Amino acid sequence: MTSFETLGIRAEILRALGELGFEKPTPVQEKTIPHLLAGDGDMVALAQTGTGKTAAFGIPLLERLEPQQRQVQALVLAPTRELCVQIAKDLKHFSSYLPGVGVVAVYGGASIRDQITGIRRGANVVVATPGRLIDLLEREALSLAAVRTVVLDEADEMLNMGFVEDITTILQHTPPEKRTWLFSATMGPDVRRIAMQYMHDAQEVSVGGGNKANADITHQYAVVMARDRYIALKRFVDADPAMFAIIFCRTKQETQELAEHLTKDGYNADALHGDLSQQQRDRVMARYRARNLQLLVATDVAARGIDVSNITHVVHFDLPGEVESYTHRSGRTGRAGKTGISLSIIGVRDVQKVRSLEHRLKVHFAYVKVPDGPEIVERQLLTFIGRIKNAPVDPETMGRYLAAVELDLADLSREELVQRLVALELGKFLKRYKDARDLNVDLAGKDRKPRPERTAPEADRPRFERPAGPMRSMFISLGTKDGFDKGRMLGYLCGITGLTGQHFGRILLKDAYSFIDIAADRFDEVISHFGAANYKGRKVRVDEGGGATGARDFKQVKKTFNKARKHA
Ligand code: AMP
């Protein structure tokens, strides 16, 4: 049995833990503490509140501290005031026998002066909400230049509350060599993006046993014209350079053809199906296991039992006929504590099948758009920059060549050099996606009646047919910041509810939230569909709203919303 002693924690902290009644580590502590104590790396941990995650990061954070130094060495960011207070309290408890540790909690809605005094008294650990920390940085009330450890606690909630820019700014104030540990209950694309952008070779840890395994899989679907599924698939692959996927087709022939098309188009793909000899199958699997193959295209039968770790995506190029097959397919990802995406690229006719899977499996399928050209180029660029930054450089072996290279490139300015690097790396994608069309099908438009010619300017008229009869307004915690425009919002609503465009009226989009008018007789039904809804891993909140047209109520809601953010 693992004890705190065997994890290598120092005596002073062990004594404090003993007094707190912590007898043995919880699973998340058992998984993270040894890593965080031993290694110097970053970490992404999937853990819910209540699992003991505060001690999981708190103990290693205190171990890394040099108590005699009075600068801020550890920074914990958390979404709410309550959580900040709780974390600070726990850290104080854990360090009660460690002289020199000064923990200060800073958060909105309390006197900033008192907090500044606390920091000036020599705090070396700061627990903060992002908003208040930015405020303190702007007042130059604290410096993050000596920070060695940053913890992003409940990262999904912080992103949910619109703190992404604040987090980015804060991280920019910290030294590049610091360690970043991210804790999150869910691992949506936004959290993953932060992890990719600001963390290096992060170790991934997940807790939650038994039937929780499926919670590590995010189910997504994109809707295109059936004939566009192949182009859509390529876009998803291009948009995610780290993708290591298994792509499912229904027949051996489709499997073989898809793999051949992909290979012809320059992708690293191969097929796995029953018409191959055992030897051929073994060869394909060996390449895939060694990650010399990025995309494995397979039939359900051939892929049964495949246990390859770190598969990031299961792609359903054809939806399976049976619910069980969907579960088997999806289970190829999200293994051994890792998270994964199960993505269905479907034609319009299969939307009902997704609804039915959703209903029968009791999981939410998030509607995602096929990435467009700029998005793909941007993601490639981001990865390229990451690769440059993390490229292992060995001056000893490179030294003798570098002088000649530098001489050869001496005439190029830094700007020209950067331009050429980007052109070399991204030229292919810039060209491929120069005039790429939107592949997404507007689900709402499908059932819309043809309308008479427009006479007034576009902006003066509602974009969609409005339902006749009484309406009620719904507040939803998604807005333009999440990439929505009116068409996309309508598509999303139709996707979640299974209703068509004519049940929705005016849509008022704001950055972090929106109001939607809904036919009154459908209102409760619409709300009920959002019970477990999440968008890109974030919980979506809905409520009765002030009215897309009711400006006064709307101002009131906005005020409440802003207040809630400030206080956080
Ligand atoms: P947390 O997820 O950090 O909020 O922790 C949830 C609760 O579990 C808190 O009340 C902690 O004090 C408690 N706790 C954390 N780790 C342990 C442990 N190893 N043994 C007993 N209780 C613990």
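The values are calculated or read from the model by the stated rules, or taken from the named source; none is laboratory data. Please read all numbers here as calculations on a predicted model, not as lab measurements. As a convention, Cβ positions derive from the backbone with ideal geometry for all residues, glycine included, and neighbour counts pool all protein chains shown. These area figures cover heavy atoms from the full protein model, side chains too; ligands, DNA and RNA do not enter into them. Shrake-Rupley method; radii C 1.70, N 1.55, O 1.52, S 1.80 Å.
Some notes on this structure:
- Enumeration of residues in the stretch 74-105 that are farther than 24 Å from Asp156 by Cα and either in contact (Cβ under 8 Å) with a residue 40 or more places away in the chain or within 12 Å of the ligand (Cβ to nearest atom) (or both): His93, Phe94, Ser95, Ser96, Tyr97, Leu98
- So Leu412, is it part of a helix (DSSP H, G or I) and open to solvent by 30 Å² or more (accessible area, probe 1.4 Å): no
- Index of the failed condition, Gln69 passing every other in (1) under 26 Å from Ala155 (Cβ atoms); (2) more than 12 Å from the ligand (Cβ to nearest atom): (1)
- Considering the stretch 345-373, and only residues there that are in a helix (DSSP H, G or I) and under 15 Å from Asn440 (Cα atoms), the residue that is least open to solvent (accessible area, probe 1.4 Å) turns out to be Gly373.
- Val237, sole failed condition from (1) buried (at least 16 other Cβ atoms within 10 Å of the Cβ); (2) farther than 26 Å from Gln380 by Cβ; (3) among the β-branched types (Val, Ile, Thr): (2)
- Taking each residue of the stretch 5-19 that is part of a helix (DSSP H, G or I) and more than 13 Å from the ligand (Cβ to nearest atom) and looking for partners that are among the aromatic types (Phe, Trp, Tyr) and at pLDDT 95 or above with beta-carbon atoms closer than 6 Å, six or more apart or interchain, yields Glu12/Tyr97; Arg15/Tyr97.
- Of residues in the stretch 29-64 being touching a residue at least 24 places away in the same chain (Cβ under 8 Å), open to solvent by 10 Å² or more (accessible area, probe 1.4 Å) and assigned to a loop (DSSP other than H, G, I, E, B), the one farthest from the ligand (Cβ to nearest atom): Asp40
- All positions within the stretch 108-118 that are open to solvent by less than 40 Å² (accessible area, probe 1.4 Å) and either without any contact (Cβ under 8 Å) to a residue 40 or more places away in the chain or not small (Gly, Ala, Ser) (or both): Ala110, Ile112, Gln115, Ile116, Gly118
- Selection status of Thr180, among the polar types (S, T, N, Q) and more than 15 Å from the chain's Cα centre (by Cα): yes
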